[in-house]
Amino acid sequence: MPKNNVRLVWPHARFHSAIKIIKNYAIINYFLKLQQFSCIFKPDMVFYAPIKFSLRFGYSARSLLRFNHVLLFSWKGILMKRLVILLSLTALLFGCGAATIPTLSVDEQNAGWKILFDGKTTNGWRGYKMDRVPAAWVATKKGELHFKKKKNGGGDIMTIEQYGSFELQLEWKIAKGGNSGIFFWVSEDKNYSWETGPEIQVLDNAHHKDGGNTKTSAGSNYALHEPSREVTRPIGEYNAVRLVVNGTHIEHWLNGVKIVEYEIGGADWEARVAASKFATMPGYGRNRKGHIVLQDHGDKVWYRNIRIRPL
């Protein structure tokens with residue numbers, strides 16, 4: 001017996017203890033990941049799921065019974081239960097994005113605001129030159145209007161109603177390297193929406209080639225007016241757009257900053273159009289009323305909190 005009754009812990013015992021800690025951590029981590037993606041909280045999962053998941057990591061039946069006993073009855077089990085519950089609630093609150101269902105206050109309703117996307121359906125929208133919304137555009141469980149990047153069933157979508165002077169607010173999120181756009185004053189007398197409607201560019205500036213040219217970067221009046229500064233948020237985060245169309249005076253706001261301002265039809269406008277690819281499109285920017293369009297550019301994109309008020 002060692003002096004002073006000091007218990008020696010042999011290297012192999014330390015090794016097995018370390019392995020057990022790693023396994024327990026892996027169980028909890030695996031459970032939390034499933035909890036995050038399922039977005040469903042079930043109390044019984046808190047106590048029994050770690051035991052079930054431990055099968056994945058090679059526990060024997062005897063060790064499972066021992067683990068179950070410790071988990072349910074010992075003071076260590078009580079602490080473990082509390083830890084798992086705490087981590088599970090954290091995953092529930094922060095790992096699962098809650099649905100964003102748009103609402104309007106009484107003051108907003110009195111000011112004339114109208115919800116263009118209810119967060120649940122595609123009512124109020126249809127495909128460009130179509131009588132229905134293409135299958136690639138769906139309303140997600142999180143209250144987003146999402147383009148899923150399908151080979152078939154794609155195409156731009158537009159509001160059924162037309163608008164002249166208005167203020168439009170929405171949020172967009174783009175996939176890495178992605179491209180999309182928001183158009184206004186669009187008519188259906190051309191093959192494509194961008195042949196008639198000016199565009200607010202939606203883009204991942206960091207990973208798309210158009211981000212290298214300020215006139216085609218996120219928030220620009222595509223190919224004509226560059227943003228005054230770069231204010232886009234990192235990939236995975238939403239960007240807030242405010243588009244003000246007051247007669248021929250146009251303002252682009254992104255994340256609370258006015259980044260573009262111009263007049264449609266003036267000498268400067270005409271010069272810029274004549275020097276761009278739109279010079280061969282006689283109908284470009286000539287409408288004073290039209291549809292609002294969200295573009296299918298082949299990349300995944302999400303829109304939410306879409307609202308409008310007439311001016």
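The values are calculated or read from the model by the stated rules, or taken from the named source; none is laboratory data. Computed from a prediction, not measured in an experiment: that's the story for all the values here. So basically every Cβ, Gly included, is an ideal-geometry build from the backbone, and we count neighbours across all protein chains shown.
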Out of Ala240, Ala218, report the one residue that is in the same structural domain as Ile306 (by TED's automatic domain parsing), buried (at least 21 other Cβ atoms within 10 Å of the Cβ) and under 24 Å from Tyr163 (Cβ atoms).
-> Ala218
Would the range 276-292 turn up any residue that is within 25 Å of the chain's Cα centre (by Cα) and in the same structural domain as Asp210 (by TED's automatic domain parsing)?
-> yes
Of the residues Gly177, Gly197, which single one is under 20 Å from Gly265 (Cβ atoms) and either of a type outside the set (A, V, I, L, M, F, W, C) or crowded, with 23+ Cβ neighbours inside 10 Å (or both)?
-> Gly197
Residues located in the range 101-120, provided they are within 24 Å of Gly197 (Cβ to Cβ) and within 21 Å of the chain's Cα centre (by Cα) = Pro102, Ile115, Leu116, Phe117, Asp118
Report, by residue number, each residue of the range 161-206 that is among the hydrophobic types (A, V, I, L, M, F, W, C), more than 26 Å from Glu237 (Cβ to Cβ) and without any contact (Cβ under 8 Å) to a residue 40 or more places away in the chain.
-> none
In the range 259-281, is there at least one residue being in contact with a helix residue (DSSP H, G or I) (Cβ under 8 Å, 6 or more places away or on another chain), closer than 17 Å to Gly197 by Cα and either in a loop (DSSP other than H, G, I, E, B) or small (Gly, Ala, Ser) (or both)?
-> yes
Restricting the range 130-160 to residues that are among the polar types (S, T, N, Q) and touching a residue at least 40 places away in the same chain (Cβ under 8 Å), the one nearest to Arg307 (Cα to Cα) turns out to be Thr159
Per-region count, the range 150-189, residues among the hydroxyl-bearing types (Ser, Thr, Tyr) and not in a loop (DSSP other than H, G, I, E, B) = 3
